[in-house]
Amino acid sequence: MDIRAEFGQRVRELRARSGMSQEILAHRAGLDRTYISSVERGERNISIVNIEKIAAALQVSVAYMFSNERFSATPAYQQKDLSVPLKERFKYQVDSEKRILAFQVHGLLSGEHVDYMSRTLLGICNAFGKEELNVLVDHRDMKASDGEPVVYSPEVAEKAVTFQRELLKYSKRVVALCNSEFMVQNLNHVATQSGIIHKATHIFGRDKEMVGRAYELLGINGNELIKAKAQ
């Protein structure tokens with residue numbers, strides 16, 4: 001495949017799994033929509049400066065734009081992706097003795113979903129003191145209806161920054177299990193914006209190994225809610 005077409009496909013699939021239209025990506029990158037369209041069609045000899053702009057808009061590094069990790073270019077964050085009620089897909093658990101707040105999400109989130117989760121989780125945090133809680137997040141099953149991983153949409157990322165700024169007060173360490181390296185990049189960006197990045201570790205890899213590493217980072221031997229999946 002021509003390098004321009006290959007790069008264009010890469011932009012298209014990362015944009016699609018982020019729930020962005022060409023218009024939104026263009027706005028975030030400070031470029032014209034027709035320019036983004038021509039990049040995705042492989043018609044542009046794109047400059048390194050514009051590669052950097054597109055990478056920043058997608059909340060990834062320039063190096064990740066050339067990663068071998070690939071996805072479907074099917075647009076995510078469609079109505080069918082959000083058809084199952086959040087209460088059936090969001091679970092949490094508090095271990096007061098070990099000071100662990102664990103929560104997991106299956107499927108996609110909307111801005112309203114993040115607002116609901118924030119109210120619920122921060123309500124729990126209020127029972128604890130400053131930097132008393134270790135937080136374990138499970139995003140391994142954040143996937144669209146096509147079974148492919150997604151990352152936070154721009155709306156969800158913005159809401160997550162607000163939530164994390166409040167969580168910063170209560171958290172000692174935050175560890176998140178991710179569905180892809182793309183999500184690691186996405187969450188690193190969100191955590192940097194919120195200021196929680198110095199407490200946060202985002203992990204992707206073999207399931208048993210990343211869950212084991214999360215337990216190690218948090219100083220625990222296991223968790224009732226978040227466990228390694230059967231191999």
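From the helices alone, meaning DSSP H stretches of at least four residues, give me the mean residue ellipticity at 222 nm for the chain, per-run term -39500 (n - 2.57), in deg cm²/dmol to the nearest 500. When only DSSP H runs of four or more count, the value is -13500 deg cm²/dmol. Taking a sphere under 14 Å around the Cβ of I197 and counting the other residues whose Cβ falls inside, with K and R at +1 and D and E at -1, yields a net charge of +3. Under a Gaussian network description of the chain, with springs only between Cα atoms under 10 Å, the residue in G123, G107, G212 that fluctuates furthest is G123.
Rounded to the nearest 20 debye, the dipole magnitude of the range 5-153 is 100 debye, with +1 charges on Lys and Arg beta carbons, -1 on Asp and Glu beta carbons, and the Cα centre as origin.
Across q = 0.21 Å⁻¹, the range 114-231 modelled as identical point scatterers on its alpha-carbon atoms has Debye log10 I(q)/I(0) values of -1.33, in the order of the q list. Taking the Cα centre of the range 1-72 as origin and assigning +1 to Lys and Arg Cβ atoms and -1 to Asp and Glu Cβ atoms, the resulting dipole is close to 100 debye.
The slack between R4 and D95, meaning 0.36 nm per residue of separation minus the straight C-alpha distance, is 27.7 nm. Between (i) 125; (ii) 108; (iii) 312, which entry matches volume of the Cα convex hull per residue in Å³ as derived from the coordinates of this structure? Correct label is (i).
Placing R0 at 30 angstrom, the Cβ-Cβ distance between E166 and R41 gives a FRET efficiency of 0.10 after rounding to 0.05. Phi-derived couplings, Karplus 6.51 cos²θ - 1.76 cosθ + 1.60 at θ = phi - 60°, listed residue by residue for the range 99-105: 6, 10, 10, 10, 8, 9, 10 Hz, with x used for Gly and Pro.
For the chain, the residue among N50, F128, L217 whose Cα projects farthest onto the positive side of the dipole built from Cβ charges is F128. Highest mean packing comes first when the peptides 4-14, 79-89 are listed by Cβ atoms within 10 Å, giving 4-14, 79-89.
List, in the order given, every pair from K130/K208; K53/K80; K91/K159 whose Cα-Cα distance in the structure shown is over 21 Å.
K130/K208; K53/K80
Rule-based calculations on the coordinates, nothing more; no lab input. As the structure is a computational prediction, the values presented were derived from the model and not from experiment. Cβ atoms come from the backbone with ideal geometry, glycine included; neighbour counts cover every protein chain shown.
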